[in-house]
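Taking it in order: structure first as C-alpha cells, then the write-up.
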Amino acid sequence: MKSAIAGCGSIAQLHGRVLTNWIDTALVGAADIDAQKAKTYAEIWHTNAYTSLEDMLHREKPDVLHICTPHYLHVPMAEYALAQGIHVFMEKPPVISLEQLHSLENAVKNSDARLGLCYQNRYNPSVREARNILASGRAGKILGARGIVTWHRDSAYYTDSTWRGRLATEGGGALINQSVHTLDLLQYLLGQPLAVEASTANHHLKGIIEVEDTMEAYIQFEGDINASFYATTAYCTDVPPLIEIACEHMKIRIEDLELTLFYPDGHQEKPVLEHKEALGKSYWGTGHRDCISDFYRTLQTGEAFPLNLPAMDASIRLMLGVYESAESGRVVRLE
C-alpha cells in the first residue's frame, strides 16, 4: 500500500511518524504550496516533495491520501481524491458549512474509495472507559453534562497564518478549530442531539480576527439530557479540556487522559488505564496512532471504519448547528 500527505504543517508531522513507524505502507509523497515546507517535510520523512496535489497524485498514484491542510481545502481535496478511487483520511474539521457537507456526502456516495475522519480523541482510554461505564448502567441515568475548553491563542497565532482567523478559510474559531473534539465527545457520550441554542463573542482580538474567540452553547439530547458547552481562546494559558457527566450514581469527569469518578458519599476513584505514547500536544490525546491504524486495518479487512461520514453525521451537524444558532440568534433543531 502507498500513502501520501497533503499539507506539511505541524499535524502532518504526527501523521508522518505514524505512517513510517506503525503502518504497513510506503509514504510516497508530501505536497504543500510552500515549496520549502514540502522539501523540509520530505527530508524528515524520506519521501518526495510536491507543490501540487494533482501532480503528486498523478505521479505517485497512492492508495491513501492524508489531508492535513487548512480547513477550507479539506472537502475539495477529498472530492478530487475520492473521484480517482483514492482512499482519504481527513483531519478535522470534515467541513466548514452545510453546503460542504452535502458535497462531501455526494463524493463519498459516488466513489468506491473510503473516507475516514480523524476524531482521534474517541480512541483515548479515558473516553473509552467512560463510555463503557455509561453503557454498563453502573452510573445510572445521565442527568446532565458540561464541556469546557479554556485555552490561549494570541494575535500572532492568526497574523502569522495565511488562513486562520478568516471565516472563509477557517470556518470559525474557538469551536471549529480548538474545541471541536470536546463538542464531539459530548455527542459521542450522550447520544443524539435534538436542539441547540448558542452565542459567540470576540473578546480579546477585536479587529484582528473575523472568527469567535468564545463560544457557548446549551444542547438538548435524547433522554431529557441537557449539556452546557463553553470554549474560549481568550484565557491566559492552555488548560486540559474538561468533560463532566452527572449521573444518578456518580459524576464522570474526563480531563485529557485522566478519568475520575466522583461518588455521592464523597470518595473518588481513578481507574487505572493503559496509555500509549502521546505523539504531539497533550490535548491531541494518544489516539492518533490507534485511529490511523484502525483506518488502515479496515481498508484491509473491508469492515466499516468507525469514524466514517455517516457515523460522524450527528457530531458534524451539531457543530454546524451551534454556528447556525449563534448567527441566527434562535434555537436550531437537529432531529
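Odds and ends about this structure:
- The residue pairs whose first member lies in the stretch 313-334 and is touching a residue at least 24 places away in the same chain (Cβ under 8 Å), whose second member is in a helix (DSSP H, G or I) and open to solvent by 60 Å² or more (accessible area, probe 1.4 Å), and whose beta carbons are closer than 7 Å, counting only pairs six or more residues apart or on different chains, are LEU320/LEU98; VAL332/GLU324; LEU334/ARG317.
- Among the criteria (1) open to solvent by 10 Å² or more (accessible area, probe 1.4 Å); (2) assigned to a strand (DSSP E or B), the one PHE229 does not fulfil is (1).
- Unique match (being among the acidic types (Asp, Glu) and surrounded by 15 or more Cβ atoms within 10 Å (Cβ to Cβ)) among ASP184, ASP224, ASP160: ASP184
- From the list SER161, SER199, the lone residue that is of a type in the set (Ser, Thr, Tyr) and either in contact with a Cys (Cβ under 9 Å, 6 or more places away or on another chain) or touching a residue at least 40 places away in the same chain (Cβ under 8 Å) (or both) is SER199.
- The residues of the stretch 196-219 that are surrounded by fewer than 17 Cβ atoms within 10 Å (Cβ to Cβ) and more than 14 Å from GLY147 (Cβ to Cβ), listed by number, are SER199, ALA201, HIS203, LYS206, GLY207, ILE208, GLU210.
- Of the criteria (1) under 27 Å from VAL332 (Cα atoms); (2) part of a strand (DSSP E or B); (3) within 19 Å of the chain's Cα centre (by Cα), which one ALA195 fails: (3)
- Every test in (1) without any contact (Cβ under 8 Å) to a residue 40 or more places away in the chain; (2) in a helix (DSSP H, G or I) is passed by HIS204 save one, and that test is (2).
The values are calculated or read from the model by the stated rules, or taken from the named source; none is laboratory data. Remember, it's a predicted structure, so these values are computed and weren't measured experimentally. So basically every Cβ, Gly included, is an ideal-geometry build from the backbone, and we count neighbours across all protein chains shown. Remember, those area values only see protein heavy atoms, side chains included, never the ligands or the DNA or RNA. Shrake-Rupley method; radii C 1.70, N 1.55, O 1.52, S 1.80 Å.
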